[in-house]
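Let me begin by presenting the structure, written as structure tokens, before commenting on it.
Bear in mind these aren't lab numbers, they're just calculated from the coordinates by the rules spelled out. Please read all numbers here as calculations on a predicted model, not as lab measurements. Because the Cβ atoms are built from the backbone with ideal geometry, glycine has one as well, and the counts that use them run over all protein chains shown.
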Amino acid sequence: MSEKKPLNLHFLKGRGFSYYLAALVLAFSVLFLPACDSLVSNITEPPIDPPADNPIDPDPDNPSFVPPNSTILTPSEGSTHSTANVTITWEGNTGVVAFQSRVDDGGWSTWSDLTSKTFGPLDEGTHSVHIRAAYDTLVAGLIEDTPTNINFTIDAVQGASLRFSPPYLEGGTTGDIALSLVAEDVTNLMMVKAVFTFDPNVITLNTWDESSFLTGNGGSILSYYDIDNVAGRCEINLSVVDGDPDGVTGTGTLINLTFSGTAVGLSSLAFVSVETEMRDPSNLPLTIINLVGAQVRVR
Ligand SMILES: [Ca+2]
């Protein structure tokens, strides 16, 4: 085994020398390294601006700039859909690398290179989907200024029906989660008994306020409620009396419901079909074509 010789460093032991050495290193760093760095960057860095004939350079001096643009391909403007989910397809002009989408007044999606998306379930009625394209999602001038829109109508619930509006919504564990119970396409409706269940571990029903549809004939409402926030069951009984005519016809909101989120999760609002009914002024049952529940996600 060889024996290591200790280095002979006794000449560095004086403090004066250490300070001298430290000062020398510092001076070298301050004076020489920045000069060296700028010399290197002058040689290797590309020009700050791309050439002026680049179609994706938003520089005002660039006459060749073509703004990012999206085009919606399908469906056609003003179309009506018999399903609550609608697939939209689109494309971008040359250079576009990402798109965002949003429905009605909702928030923008995350950026994605996908050129189609299925939206829904959407509520009955008219909706707009907005698409915008980008060459670079981080540069304001490289994001499409005016999004492309498409308007369409959802008519997924047809015939005498009870449904929740909207069929899907999200909320938090603070604040209200509001939806409505709607009678759809009814003729001569006088009495509604709606029974539905929900997950009491996720949402709690706090308020139920009668709306004006049933009193559209000038009558007044007799009501009876059985709300069970432990079992997650709600029974709503509404009748209109003293109206002229005796019943109401058309589509409208029966009652506005306000839930609160109690825990993160997903709750269905599911009609109990054997207990749910609508009746006319002769107390004969109306044939119910659809009972359309809802999904509430608490985030
Ligand atoms: Ca409808």
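Quick look at the numbers
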{"quantity": "Segment 161-298, Rg to Rh (Cα coordinates; Rh as Kirkwood inverse mean 1/r)", "calculated": "0.98"}
{"quantity": "Under 9 Å, Cβ to Cβ, from I289 - net charge with Lys/Arg +1 and Asp/Glu -1", "calculated": "-2"}
{"quantity": "Residues in segment 165-204 reached by a label modelled at Q295 [backbone nitrogen below 13 Å; 7 Å Cα→Cβ]", "calculated": "167-170"}
{"quantity": "Net charge of neighbours whose Cβ lies under 11 Å from the Cβ of Y135, counting Lys and Arg as +1 and Asp and Glu as -1", "calculated": "-3"}
{"quantity": "Simple label model, 7 Å out from Cα along Cβ direction - E210 to S112, nm", "calculated": "4.5"}
{"quantity": "Separation of alpha-carbon centers, segment 145-193 and segment 74-100, rounded to whole Å", "calculated": "22"}
{"quantity": "Residues whose placed amide H lies under 5 Å from that of T262, excluding near-sequence neighbours", "calculated": "I203, T204"}
{"quantity": "Local net charge near G232, Cβ-Cβ under 13 Å (Lys/Arg +1, Asp/Glu -1)", "calculated": "-3"}
{"quantity": "Sequence-distant residues sharing a close amide H with L286 (under 5 Å, placed H)", "calculated": "M278, R279, D280"}
{"quantity": "Residues V274 and V230, FRET efficiency given R0 of 22 Å [Cβ-Cβ distance, rounded to 0.05]", "calculated": "0.50"}
{"quantity": "Segments 179-188, 91-100, 220-229 sorted - mean Cβ within 10 Å per residue, highest first", "calculated": "179-188, 91-100, 220-229"}
{"quantity": "Largest-first principal axis extents of the Cα set of segment 70-154 (Å)", "calculated": "38, 22, 19"}
{"quantity": "Viscosity 0.890 mPa s, 25 °C: Kirkwood-radius Stokes-Einstein D of segment 221-299 over Cα pairs, µm²/s", "calculated": "163"}
